[in-house]
Structure formats: C-alpha cells, structure tokens
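Asker: Sharing a structure, written as structure tokens. Questions coming.
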Amino acid sequence: MISSNPFTPQSGWEPKIFGGRNPELEIFKSNLDDAANARPSHLVVLGEWGAGKTSLLKQFKRISQENAFPAAFCAISRFTEKNKALEAIHLIAEEMVLGFPKIDALQKGLLDLFAKRKSLSNAQVQFTKFLRELWKALDTKLAVVLLDDTQNLIEVSNTIDILRAVLSSDDIIKETRFLFILSSTPAGWAAFIDKHDPVGRFFRKRLNTENLKELEVMATIDMTLKGTGVVFDEMIRKNIFEYTGGHPYEVQLLASHLYDSQIEGNVKPQAWDSALNSTLKELGRDYFEYLLSKASDREKDLLKILAEEKKPVTIKDFTTMMIVGKRAKKFPIANIKNFLYRLEAKGLVKRSEGNGFYIPDPMFSEFIARFALE
Ligand SMILES: Nc1ncnc2c1ncn2[C@@H]1O[C@H](COP(=O)(O)OP(=O)(O)OP(=O)(O)O)[C@@H](O)[C@H]1O
Ligand SMILES: [Mg+2]
C-alpha cells in the first residue's frame, strides 16, 4: 500500500521531517539557557517567502516546552494605516493569552487591562501592565513568546518600537522573564530599523532561514519517503536540489508533485517534466507572477535572456547579443545597465563580482524560460 502524500507544500504547515537548521536550533537552545539563567536577549528570524520562518518558530516553541518553559505562538495578521499601534499590541496580548497553557481562565481579567479607546502613548503603559500580570499568572522561570510575520505590522511600525520600549523598561526587566522571538521578511525588518533605529540595536541577534544544503535536502526527502512505499530515482533526487537550490517551500511542492506521479511506488526520470511543469504553474500563481509583474517589458527581455543562459551574463555580453546573433533585436542598448540595476534593486537579479548578472532562484529562472511571454 502506498501512503498518502507526506509532503507539506503549504505556507505554515510544519514539515513531516524538519531538515537542517542545526546551527539555528543550537543558537536558540543556548539563548534559552542564557535567558533562564541570566538575561533574555530577544531574537529576530529573517527569511524570504516560504523560507521556513514559521516552521523554525514552531520548533523553537517545542524546544521551549521540552525545557519546561511555556511558549506562546502568535501569528500576526496584516494591519493597515487605518489601524493604531494599540490595536496591534492588543492583538499580540490576545494571542499570548490564547497561546499560553493554563491562562484561559484568567483571560478576561488580563485583557481588561486594555482600554482600546485610550491614546497611543497608553499602549506602552497598558502592555507593561499586561506583561506584569501575565507573568504572575504564568508562574514559571521563563516564558517564550514567538511573534510570526511581524512585517505585517509595517503600517503600524511603532508597534515594534513600543515592544522594544516595554521590554527594556526597568519594571519588566526586574519583575518578569519573557524571551521574545520575532520573525519577519528582511525587507520588512529593514523598514522597521529605518524608521525606529533603536529597534535594530535592541533586537540585536538575528538568524536567517537560508536555503537548505544539498545533503540536508536529500536527507529530508529520504526520511519523508521512509515507510511510504514510494522511492524517488537517483536522478530525481539530484534534480530536486538542482532546481530548487534547497528552497524549503519549493522542495516540498516539487517533491509533492513527484510523489503523486509514482507508478507502482517508483518515481522515474520520465515523471520529471510533468511534475516540474505543475510545480512551476503553482509557484506562478503563488508568487512568481507577482514577482515578474515588477519588471517592465524591457526588463523582462533581459530576464528572459538570463533564464535561457542559466549563467551570469555581463553588460557587454548583453549588448553584443542585442546587436548580432539569434537574439538581435531593436533595443535601447545604452540603457541595458540601468535596466539591470533596476532589476537588481527589485530583487529579481543578483550581480556576481566580475561575472555579470544572474537570476538567484533557479526555479524562478525556469519559470521565466518556460512561461514568460515574448
Ligand atoms: N527545515 C525544513 N525542512 C523541511 N521542510 C521545511 C523546513 N522549513 C520549512 N519547510 C517547508 O517549507 C514550506 C514553507 O515553510 P514555512 O511556512 O515555515 O515558511 P515561511 O518562511 O514561514 O513562509 P511564509 O513566507 O509563507 O510565511 C512549508 O511547506 C514547510 O513544510
Ligand atoms: Mg510563515
């Protein structure tokens, strides 16, 4: 019998097998010890879309609880400029009340500490009171709070500054022991620091959810497949890493499509193309269409060349290609440099010293090569 698909291609779904991340887990564990025995140093986890922030935070929650420290996971929804920081702080408090075990009964009393009509300056006072009361109710040596997707607070960016002010106030430092772990996209975090520079100095420790390494991807896939009755051919396993570069979400999605194309439990090279195609279409809907829409038509012409070349291309090579050969076309050659720099600023291409420009995500590159219109 073949088991149902064990892969988890969904934002926020914890993988069946959590791969890699050993240094990050070690850092967290030692942070936890320091927080319990000395002083908490609050952490920020940075990562792009689908890089594994939520999953890492959930591992942190598990480790905290294993060590007898209660932990609350708080998913932060998107706020707009019509919202106030107090509303965001209130949401965080609500999520904390729901997230910590045994706090339910006290919930009402704790949240009554918030008078929503009050002005912004009160958010700080109210959150301080809340943390002190919550701390008493928790009755622990250390409590961990995981705030996922803080980039959603960007329109009420002073929320993070309020959090900083509260956590660095004397009362809170003396009377409580909370360890906060935030996650954010790098761009979101850069925007906070830009607007409120003490934030960057306060949340000093950063972890990045980079792509998984080749061996980590292989091990994750093999262990996820274990006991399912499905085996991936060697070429398929190699290709998964080559095409995804170890991007966690892409790995799960591609592996999930491959799994679904098993014949008698085997996934052979002939299954590759159609699974890749389905994966690219889904990634297009999820994200790549949006990414590509950031490029102008001229910029798309250049992206297409990069996608076909599959290696870095210099400005000089671009210019030559536009003049002679199969890609020669009417193109404002003098502006190639500007177009490329703009693509770089939009995060669509990267520049490698001396070698020119390239598309960092091989899957996005493949998407362009197959689906971007002429
Ligand atoms: N360490 C890991 N090992 C294996 N799979 C992982 C790992 N981390 C994340 N994944 C998988 O990758 C996908 C994305 O993970 P996750 O939702 O944690 O990322 P995220 O950075 O929070 O994404 P988003 O930008 O959508 O919030 C999920 O399908 C998850 O199961
Ligand atoms: Mg997430």
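Asker: Give the relative contact order (percent, whole number) for the chain; include only Cα pairs under 8 Å separated by 6+ residues.
Answerer: Worked out over the chain, it gives 20 percent.
Asker: Moving on. For residue 171 and residue 264 in the same chain, what is the full-extension length gain: residue separation times 0.36 nm, less their Cα-Cα distance, in nm?
Answerer: Answer, rounded to one decimal: 27.1 nm.
Asker: With a 10 Å Cβ neighbour count serving as the proxy for reagent exposure, in which order, fewest first, do 25, 163 appear?
Answerer: Taking fewest neighbouring Cβ atoms as first place, the list is 25, 163.
Asker: Cross-link candidates for residue 141: which lysines have Cα within less than 18 Å, leaving aside residues fewer than 8 places away along the same chain?
Answerer: Qualifying lysines at Cα under 18 Å: 29, 61, 102, 174.
Asker: Still on this model: Charges only on Cβ, +1 for Lys and Arg, -1 for Asp and Glu: so what's the dipole of the chain about the Cα centre, in debye to the nearest 20?
Answerer: 880
Asker: Right, here's the next one. Using +1 at the C-beta of Lys and Arg and -1 at the C-beta of Asp and Glu, which of 97, 163, 245 has the Cα lying farthest in the positive direction of the dipole of the chain?
Answerer: In the chain, that residue is 163.
Asker: Over the chain, what lengths in whole Å, largest first, do the semi-axes of the equivalent ellipsoid take, defined as the square roots of 5 times the eigenvalues of the alpha-carbon gyration tensor?
Answerer: 43, 28, 17
Asker: Let me ask something else about it. Cross-link partners among lysines for residue 350, C-alpha distance below 17 Å, same-chain residues fewer than 8 apart left out?
Answerer: Answer for residue 350, where 17 Å is the Cα cut-off: 294, 300, 304, 310, 311, 316, 337, listed by chain and number.
Asker: Does the stretch 10-110 come out rounded, prolate or oblate, given a ≥ b ≥ c as the square roots of the eigenvalues of its C-alpha gyration tensor, rounded meaning a/c under 1.5 and, failing that, prolate meaning a/b above b/c? The partial results should precede the final answer.
Answerer: Details: a/c = 1.73, a/b = 1.23, b/c = 1.40.
Cα axes put the stretch 10-110 in the oblate bin.
Asker: Between residue 334 and residue 194, what's the calculated FRET efficiency when r is the beta-carbon distance and R0 is 35 Å? Round to 0.05. Numbers along the way, then the final one.
Answerer: Numbers: r = 33 Å, r/R0 = 0.95.
For R0 = 35 Å, the calculated efficiency reads 0.60.
Asker: Only residues of the stretch 322-338 count here: report those whose backbone N is under 14 Å from the spot 7 Å along Cα→Cβ of residue 297, or say none.
Answerer: Taking a point 7 Å out along Cα→Cβ of residue 297, the residues of the stretch 322-338 whose backbone N falls under 14 Å are 330-332.
Asker: Which whole-angstrom value gives the distance between the alpha carbon centres of the stretch 109-185 and the stretch 245-314?
Answerer: 41
Asker: Right, here's the next one. Divide by every residue of the chain the summed helix terms, -39500 (n - 2.57) for each DSSP H run of at least 4, and state the resulting mean residue ellipticity at 222 nm, rounded to the nearest 500 deg cm²/dmol. Don't jump to the answer; show the numbers that get you there.
Answerer: Working: 18 runs with 195 residues, N = 374.
Computed ellipticity for the chain at 222 nm equals -15500 deg cm²/dmol.
Asker: Take 315, 172, 336 and order them by how many other Cβ atoms sit within 10 Å, fewest up front.
Answerer: 315, 172, 336
Asker: Sticking with this one: In percent, what relative contact order does the stretch 22-208 have, based on Cα pairs under 8 Å that are 6 or more apart in sequence?
Answerer: On the way: 285 pairs, mean separation 66.7, N = 187.
Relative contact order comes out at 36 percent.
Asker: Scale the Cα Rg of the stretch 37-193 by the rule-of-thumb value 2.2 N^0.38 Å and send over the ratio, two decimals.
Answerer: Normalised Rg, Cα atoms only: 0.98.
Asker: Fully extended, how many nm does the chain gain between residue 308 and residue 353 (0.36 nm per residue separation, minus their Cα-Cα distance)?
Answerer: 14.1 nm
Asker: Then there's this: Within the stretch 244-261, what residues put their amide N at less than 14 Å from the label point 7 Å along the Cα-to-Cβ vector of residue 2?
Answerer: Backbone N within reach: 256-261.
Asker: What GluC sites (Glu not before Pro) in the stretch 221-281 are in a loop by DSSP, with at most 13 other Cβ atoms within 10 Å of the Cβ? Please report the intermediate quantities before stating the final value.
Answerer: Details: sites: 234, 242, 250, 264; in loops: 264.
Within the stretch 221-281, the qualifying GluC sites (Glu not before Pro) (loop, at most 13 other Cβ atoms within 10 Å) are 264.
Asker: Using a Cα-Cα cut-off of under 21 Å, which lysines could be cross-linked to residue 82, ignoring same-chain neighbours fewer than 8 residues away?
Answerer: 116, 118, 195
Asker: Rank these for me by crowding, 285, 62, going from fewest to most other beta carbons within 10 Å.
Answerer: Fewest-to-most Cβ neighbours within 10 Å comes out as 285, 62.
Every number here is computed from the coordinates shown, using simple stated rules; none is lab data. Keep in mind that this is a model prediction, so the values were computed, not measured. Positions of Cβ are generated from backbone atoms using ideal geometry, with glycine treated the same way; all protein chains shown enter the neighbour counts.
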